[in-house]
Amino acid sequence: MGIDLRTHHVKKAQRTAPKSEDPYLLLLAKLYRFLARRTDSDFNKAILHRLFLSKINRPPLSLSRIVKETASTPDLASKVVVVVGTVTDDIRLVEVPKLSVAALRFTRAAKERILKAGGEALTLDQLALRAPTGSNTVLLRGKRNTREAVKHFGMGPHKNKKPYTISKGRKFERARGRRKSRGFKV
């Protein structure tokens with residue numbers, strides 16, 4: 001056999017397993033790999049793919065965002081909200097409705113508030129027992145580009161990006177780029 005010259009050294013871009021060595025995550029990947037293979041459910045394939053992602057690509061989702069995104073979902077009481085990531089608390093949300101949420105992790109406060117409202121906080125393996133094909137579930141994910149680091153990307157004149165400054169005082173970054181007489185003004 002010869003060497004494939006056209007696609008030589010071309011790597012597949014997507015992950016086929018989690019990079020993490022967390023044994024619980026590896027067991028979840030094993031479970032959902034089985035479900036994705038043995039059921040023709042796109043839900044299980046999506047969960048499996050998201051389990052492989054890096055932490056940056058599994059952004060957290062707050063309770064207020066879950067409530068906002070599921071506001072127009074019909075018959076939410078019988079459905080499970082699924083998040084492959086962390087569910088966090090939001091103190092700006094005054095009242096948490098009764099929710100069934102399945103996620104990789106919950107912060108302590110988020111879990112307490114969900115349980116106090118009469119809802120339930122499930123793990124993804126409990127979800128696999130309850131809904132092996134993902135029926136009656138609402139799959140959500142957090143916003144990737146709300147990280148603080150993203151605000152600095154693409155910095156340059158007239159880009160309105162956040163500069164990396166030591167401080168925001170009188171002496172710091174107040175001249176070039178901030179007034180016309182010193183080069184340019186953003």
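The values are calculated or read from the model by the stated rules, or taken from the named source; none is laboratory data. What you are looking at is a predicted structure, and each value in this text was computed from that prediction instead of being measured. Heads up, the Cβs are rebuilt from the backbone with ideal geometry, glycines too, and the neighbour counts pull from every protein chain shown. Calculation scope for accessible area: heavy atoms of the full protein, side chains included, ligands and nucleic acids excluded. Shrake-Rupley method; radii C 1.70, N 1.55, O 1.52, S 1.80 Å.
In terms of accessible area, using a 1.4 Å probe and ignoring ligands and nucleic acids, ARG179, ARG58 rank largest first as ARG179, ARG58. Taking each of LYS11/LYS55; LYS79/LYS143; LYS159/LYS185; LYS68/LYS143 in turn, the alpha-carbon distance tops 19 angstrom for LYS11/LYS55; LYS79/LYS143.
Taking all protein chains into account, the per residue accessible area for the chain stands at 72 Å² (1.4 Å probe).
Qualifying trypsin sites (Lys or Arg not before Pro) in segment 78-145, where qualification requires a DSSP coil assignment and no more than 14 other C-beta atoms within 10 Å, comprise ARG92, LYS98, LYS143. Probe radius 1.4 Å, ligands and nucleic acids ignored: give me the carbon and sulfur share of the accessible area of the chain as a rounded percent. Carbon and sulfur together cover 53 percent of it. Distance between the 7 Å Cα→Cβ label points at ASP22 and ARG182: 4.5 nm. Helical content alone sets the calculated 222 nm signal of the chain at -8000 deg cm²/dmol, taking -39,500 (n - 2.57) per DSSP H segment of four or more residues and averaging over every residue. Among beta bridges identified by DSSP and lying wholly in the chain, the antiparallel ones come to about 5 percent. Quick one: if the Förster radius is 30 Å, what FRET efficiency do THR39 and THR146 give, using the C-beta to C-beta distance and rounding to 0.05? Computed FRET efficiency for THR39 and THR146 comes out at 0.35.
For the set PHE106, PHE172, the ranking by accessible area, highest first and with no ligand, DNA or RNA atoms included, is PHE172, PHE106 under a 1.4 Å probe. Spatial offset of segment 134-182 relative to segment 62-94 amounts to 27 Å, using the alpha carbon center of each.
Largest first, the residues ILE66, ILE3 sort by 1.4 Å accessible area into ILE3, ILE66.
HIS8 contributes about 90 Å² of solvent-accessible surface, heavy atoms of the protein only, 1.4 Å probe. With the dipole of the chain worked out from charges on the C-beta (+1 for Lys and Arg, -1 for Asp and Glu) around the Cα centre, which of LEU61, SER78, SER41 lies farthest toward the positive end? Going by the charge dipole, the pick is LEU61.
Take each uninterrupted DSSP H stretch in the chain, measure its Cα extent along the helix axis, and return the ones at 15 Å or beyond whose mean Kyte-Doolittle hydropathy is at least -0.5.
Membrane-span-like by this rule: 23-38, 42-52.
Taking all protein chains as they are arranged and a probe of 1.4 Å, the heavy atoms of LEU63 leave approximately 0 Å² accessible to solvent. At most 10 other Cβ atoms within 10 Å plus a DSSP loop assignment makes a site exposed; report the longest stretch of the chain without any exposed GluC sites (Glu not before Pro). Longest stretch, sites excluded: 96-186.
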